[in-house]
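Chemist: Structure in structure tokens, see below.
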Amino acid sequence: MSSSPRSIGKILFSCLIVATSGAAVSTGRASPRLAVYVATDGDDRNDGSAPARGTDGKGPVRTITRAQSIVRSLRAKTSDRGVDVLLAGGTYVLSQPLRLGPEDSGAPNAPVTYRAEPGASVTLSGGSPVGPWHAGSSGEWIAALDLHASAGICPTQLFVGNQRRGRPRLPSSGTFEMGSAFPTPAGGAAVVDRFTVKAGDLPVGFHPDAATEIVIIDAWTASRLWLARYDKGSRQIDLRGDFIGHGVQREFRAGLPYYIENAPTRQLAPGTWQCDPQSRSIRYQPIPGETPGTLKAVVPRLSQLLVIGGSVAAPVHDVAFRDIAFAHGAWAVPTEGWAAMQAEVGLSAALELANCHDVLLSGITVEHTGANGIGIRANCAHVAITGSHLHDLGGGGISVGSFQRKPMLGSAWTAGDVAKGETTDIQIVGNDIYGLGRIQHAAAGVLSGQASHVRIAENRISDLYYSGISMGWVWNDGPSLSHDNSVTGNAIDHYGQGMMSDFGGIYTLGRQEGTVVSDNRLSNGNARDYGGWGIYADQGSSGIRFEQNVISSTSHAGIFVHMPGKLSFARDMIVNVGEAGIRCSASSNSVVHFENESVRLAENITAVQHCESPSISFAALKVVRDGKTTVLGKPLGSTAFVTGDR
């Protein structure tokens, strides 16, 4: 990835934040830093000037919002001094999202940092504790819920002892398949608001209520709708909400997978729960070893926990968050249902950044959310997420950039030749991102849309149902704001997991000039029906160099190039895949070259599939089967392979 003034500025900013992590450190020309102390047993009448309570109002404050107001006052008086907001250990329950605007900014040599005190465990929670519990029927426990703030609407998530607990589900694991669909009327729209159930799938007496949801899985989409009605005589289910399908296939069809969540039930399975809005209570069936007196349960209340956002003219800048956990982000199905055209694009995040620059998130944790973990939106630059943990998320891990795109080749951006609000110079390095897609199954680990100079490096991404890293987001080889990015040294494991189809451990789409994808390890990608690929260079992928990636144990091809532009592959290794080593689908604009690639395959697996196009060339493709090596070559412009045994 080429360097730029912004890239260099980001490096300097990161170094400065490291140097100023103490409460009163002087570096270079920077003045000594100030400190504001926060503690769960503090008092917002204090001035925050000391970690322990003293006299004359000195001592820690109790809330982070009070600390924020003190920081504003300090910065207004001494703009050349950075400030550390130091949080003592404990859980801080947020009454509203923590919002940072331009007035909360620091300066290049004097950033504002929110961080845990050394050695302390700090959580900012958007949830409310549940309890006390009392015994109900059939071994269940019951607790009252305060639904006043949610207008009487029940929560959709419960966490017990730091673990996610599910609502009643049919079937309890896996999926049903649609029995039959209703035909599209002549000249009309596809019928996607009803279908019939296979005989014997639903239990006798099944009936939905207003809070019953249904999830329909269609290749690369997972629509979550409302189940409005069930007729046991005809076995017809009626739905409410907008089903999206998977692009070219937008109608229901027999065999389409689905499952039902939160249907009314008298008997809960162990570890499941249900909310009753009429009695404003929650009932829970404990698992062995849990006791009412020690049960720690939380329901999320806030959908956003941290919002950093200014405007194009007045961005937020020079702020950092260190060693803080953000937990319990709420999400509810909209009235019209939830259905994204791909990769859960448009899904909100617990931590949202927009119109900002020089922002650092280091050593943080984002956990137990209903939607995405972190969203870095339009007009952000010099943003780094390093050494952090994102897990147990309803959606994906980190989403970068905007997702506007040209509708067709040759058309202009809505704001001229270059779209406004460009996102650039983003560092996503050394993070653990796992346990994703718990509600929106088609979410990616890291999703980078229209953004440039994005570095995604040395991350560990695992346990998700769709692509590990997804980049690009223009459906052709036309101009794009996605360029000069790098994806290096990442380990992506256990993706797909038989839930979704048509994905890659690393997925690219559209032109991305100057982009490098190298030294990544992709393993255990398994699709439900088709398309469990390692590297998936989809439509229009162009300007990308793939090097020295290791791909193993995928249900389908190790590398799949589909209608690409200009691409090069070198020294990648493919081991133990289930469909083919390399699969191709070229267009008239494709120019793809493979050099010194290596595939180790079982006897029944094809080395190269559908790569006869004259626009695809191979040099020294090494194929190893049962200890025997064969070298294949195919010059550009040829449809035939040349074979040489070794």
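Chemist: Jot down the radius of gyration and Dmax of region 208-353, Cα atoms only, both in angstrom.
Modeler: Considering region 208-353 through its Cα atoms, Rg and Dmax are 19.8, 63 Å.
Chemist: Assigning unit charges at the beta carbon (Lys, Arg +1; Asp, Glu -1) and nothing else, what dipole magnitude in debye, to the nearest 20, does the chain show about its Cα centre?
Modeler: 480 debye
Chemist: Round to the nearest 0.05 the FRET efficiency obtained for Glu103 and Asn604 when R0 = 45 Å and r is the Cβ-Cβ distance.
Modeler: Calculated transfer efficiency: 0.10.
Chemist: Place +1 on the Cβ of every Lys and Arg and -1 on the Cβ of every Asp and Glu in the chain, take the dipole about the Cα centre, and give the residue among Pro51, Ala151, Pro97 whose Cα lies farthest towards its positive end.
Modeler: Pro51
Chemist: With a ≥ b ≥ c taken as the square roots of the eigenvalues of the C-alpha gyration tensor of region 473-538, please select rounded if a/c is under 1.5 and otherwise prolate if a/b is larger than b/c or oblate if it is not?
Modeler: oblate
Chemist: Please work out the average accessible area per residue across region 81-144, using the 1.4 Å probe convention, and give it in Å². Intermediate values should be presented prior to the final figure.
Modeler: On the way: 2450 Å² over 64 residues.
Ligands and nucleic acids excluded, the figure is 38 Å² per residue.
Chemist: Then there's this: Given the options Val316, Thr78, Phe569, identify the residue whose Cα lies farthest towards the positive end of the charge dipole of the chain (+1 on Cβ of Lys, Arg; -1 on Cβ of Asp, Glu).
Modeler: The residue sitting most towards the positive pole is Thr78.
Chemist: Please list, in order, the residues from region 572-602 whose amide nitrogen is less than 17 Å from a point placed 7 Å along the Cα→Cβ vector of Val642.
Modeler: Answer for this model: 593-597.
Chemist: Report the extension gain between Asn576 and Ile287 in nm, rounded to one decimal, defined as 0.36 nm multiplied by the number of residues separating them, less their alpha carbon distance. Walk me through the numbers on the way to the answer.
Modeler: Working: separation 289, 0.36 × 289 = 104.04 nm, distance 3.94 nm.
Roughly 100.1 nm would be gained on extension.
Chemist: Considering only Thr175, Val624, Ala116, whose Cα is most displaced toward the positive end of the charge dipole of the chain, charges sitting on Cβ of Lys, Arg (+1) and Asp, Glu (-1)?
Modeler: In the chain, that residue is Ala116.
Chemist: Mind putting a number on the dipole of region 251-313 about its Cα centre? Charges go on the C-beta only, +1 for Lys and Arg and -1 for Asp and Glu, and I need it in Debye to the nearest 20.
Modeler: So the magnitude is around 160 debye.
Chemist: Percent of accessible area on the chain owned by carbon and sulfur, 1.4 Å probe?
Modeler: Of all accessible area on the chain, carbon and sulfur atoms account for 52 percent.
Chemist: Percent of Cα-Cα pairs per 5 Å bin, from 0 to the last occupied bin, for region 194-280, please list those.
Modeler: Result, from short to long distances: 3, 12, 23, 24, 18, 12, 6, 2, 0 percent.
Chemist: A further question on this structure: Specify whether the C-alpha gyration tensor of region 284-389 places it in the rounded, prolate or oblate class, a ≥ b ≥ c being the square roots of the eigenvalues: rounded for a/c under 1.5, otherwise prolate if a/b is larger than b/c and oblate if not.
Modeler: Verdict is oblate for region 284-389.
Chemist: To the nearest 20 debye, what charge dipole does region 49-107 have about its Cα centre, counting +1 at the Cβ of each Lys and Arg and -1 at the Cβ of each Asp and Glu?
Modeler: 140 debye
Chemist: Another question, if that's okay. So how far apart, in nm, are the two label points at Ala269 and Ser121 if each is 7 Å from Cα heading toward Cβ?
Modeler: In this crude spin-label approximation the distance works out to 3.0 nm.
Chemist: Counting only pairs 8 or more places apart or on different chains, how many lysine pairs in the chain have C-alpha atoms closer than 30 Å?
Modeler: Counting lysine pairs in the chain gives 11.
Chemist: Could you state the principal axis extents of the C-alpha atoms in region 577-623, from the largest down, to the nearest angstrom?
Modeler: The principal-axis extents, from largest down, are 33, 19, 12 Å.
Chemist: Then there is this: Gly375's amide H: which non-local residues (gap 5+, or another chain) put their own amide H closer than 5 Å, with H modeled 1.01 Å from N in plane and none for Pro or chain starts?
Modeler: Leu351, Glu352, Leu353, Ser399
Chemist: Another one. Would you calculate the convex hull of the Cα atoms in region 590-646 and tell me its volume per residue in Å³?
Modeler: Roughly 70 Å³ of hull volume per residue.
Chemist: Then there's this: Give the longest segment of the chain that steers clear of GluC sites (Glu not before Pro) in DSSP loops with at most 14 neighbouring Cβ atoms within 10 Å, not counting the sites themselves.
Modeler: Of all site-free stretches, the longest is 1-335.
Chemist: Just read off the accessible area of Val191 with the full protein assembly in place, 1.4 Å probe, to the nearest 10 Å².
Modeler: 20 Å²
Chemist: Tell me the trypsin sites (Lys or Arg not before Pro) within region 184-288 that lie in a loop according to DSSP and have at most 14 other beta-carbon atoms within 10 Å.
Modeler: Lys198, Lys232, Arg253, Arg266, Arg280
Chemist: For the chain, build the convex hull from the C-alpha positions and give me its volume per residue in Å³.
Modeler: 184 Å³
The values are calculated or read from the model by the stated rules, or taken from the named source; none is laboratory data. Since the structure is predicted, the reported quantities are computational estimates derived from the model, not experimental observations. Every residue, glycine as well, gets a Cβ built from its backbone with ideal geometry; the counts of neighbours run over all protein chains shown. The area values use the complete protein model at the heavy-atom level, side chains included, leaving out ligands, DNA and RNA. Shrake-Rupley method; radii C 1.70, N 1.55, O 1.52, S 1.80 Å.
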